[in-house]
1. What per residue convex hull volume, in Å³, comes out for region 234-321 when only alpha-carbon positions are used?
2. For region 33-103, just list the percent of Cα-Cα distances falling in each 5 Å bin from zero outward, please.
3. Can you tell me the Rg and the Dmax, both Å, for the Cα atoms in region 309-426?
4. With the convex hull built on the Cα atoms of the chain, state its orientation-averaged projected area in nm².
5. Given a Förster distance of 35 Å, report the FRET efficiency between residue 538 and residue 178 from their Cβ-Cβ distance, rounded to the nearest 0.05.
6. Hey, fewest Cβ within 10 Å first, where do 302, 337, 435, 360 land in order?
7. Could you give the alpha-carbon Rg of region 219-262 over 2.2 N^0.38 Å, rounded to two decimals?
8. For region 333-379, how big is Rg over Rh, using alpha carbon atoms and the Kirkwood form of Rh?
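A short reminder: the numbers here are calculations on the coordinates, not readings from a lab. Since we're looking at a predicted model, the values are computed, not measured. Backbone-built Cβ (ideal geometry, glycine too); neighbour counts: all protein chains shown.
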Ligand code: ARG
């Protein structure tokens, strides 16, 4: 279905043509002066240069051609040559009705071509607890995945675990230090290894930072960790068995954490999965003549003539022949192309990896690991800061664990929900979990990803302003009006797919709400194109505001004209549909009451 802006443009373009001017001049845009008009067209200004005429003259001629038009209620030529346009309320009602009639229930969203999309997000590192930095990757990535899937694209989410590098060697080294008698370290051991891991998740989480700290101070220790990494990677049996234990313990803990965020992955692959195909890939790169040796390391040049920034070569193998982060990412691209042939891959990490991904993408394209017409997108996000503007830390200065952050929000939410009212403890807890998650996710997603933001528990949990709870309150309000309407004997359409009927608006607030509702399809398309969930947040915030103004302006259930009341109800149903679909795409849900 065409967007409302496109449809109005068609009318205005025809008018330009009928008045003897180039029709392309008739493109309209949503007005940047909503106090003056709903849409504007500045084509007469450009036309003035082409036709050597005063712009106001052209604008006046075009406006004349549009008098009596059924789409346009009023069009005014104003000095020096702008066209101010308001659209017909009756036509607007018809447009909304057409949106609801779309059989797939997607309100006019059309996607001509279905693609295969891989979203690489989460990016947790095995044996390390999820921290606040991983929050953004998980939350933004989950939303991008859902948006893509809603568009009808075959979409695959992959957590791409950090499960292969030095961090694993460090953990193994520290374990050996503590429990040298374990059979995993006995090279002559030939029996079955124990089924249970020789550590718990809390031990594991304490082992890694200890080992990492030691390796920074003790060269000898670091050397042993590197040796352990090499032994693991070369397939030493005991080391692999131990690694499996680390993976299992860590993964089930990660799953629990991601579940709490309503984040799910289709694939639990990681860097280790491509280990075996790396030699073949390196050979391919060498055979293709893409590589050269620099200071003993194997590299691919990715600098282009047009670069005006530093663009170091992409390193494939270190001088000791070991593979690195780049190598696993390139091999993963190769693997994904073979397995899924994706048209688009979106990666989420913090923006300090911007240059890194630029190198990897260039290298993959240049060497033909992936076709040049495929989209490779890196969304580099900003830092989560505390109120002091510095990266978020615990009170004692440690890394903020995701779990604690969620606890903090839920606690504050619980306080707010139980403030001055009687509510069962169980229900209050349940609601605060649902709303708390919305508070966290919306607080993150409403910011453009690349920007840093301040994690402000008070602001995020507030039911006023551009927050998750505000959106949820609006949804709950609509649900409760609809429930009352049903109690009064009314019927509410179950879902979209059959045309709802709307009346021409009678008030400014009603028309504003109707206008706000027309942008759904365009918003989703834009959010997909730019891999930018914040566009959905901006849309539903404006929509919720428009709805709440309407709600304060119009007495919905007290309306005695049944026809009119039915029109209001249909507006509510459509608003609810858009809001609920949108929050689902953002990755959270609304409670039945708050
Ligand atoms: N584990 C990495 C990190 O913590 C993120 C992985 C992102 N995905 C990728 N394909 N490189 O920085």
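1. Cα-based convex hull of region 234-321, divided per residue, equals 180 Å³.
2. Bin by bin from 0 Å, the calculated values are 4, 17, 22, 19, 15, 11, 6, 5, 2, 0.
3. Every Cα atom of region 309-426 included, Rg and Dmax give 21.7, 68 Å.
4. Approximately 34.7 nm², given one-decimal rounding.
5. Step by step, r from the Cβ atoms, then E = 0.10.
6. Working: 302 21, 337 18, 435 29, 360 24.
With the fewest neighbours first, 302, 337, 435, 360 line up as 337, 302, 360, 435.
7. Details: Rg = 14.3 Å, N = 44, 2.2 N^0.38 = 9.3 Å.
Against the compact-globule rule of thumb, the ratio is 1.54.
8. Value, to two decimals: 0.96.
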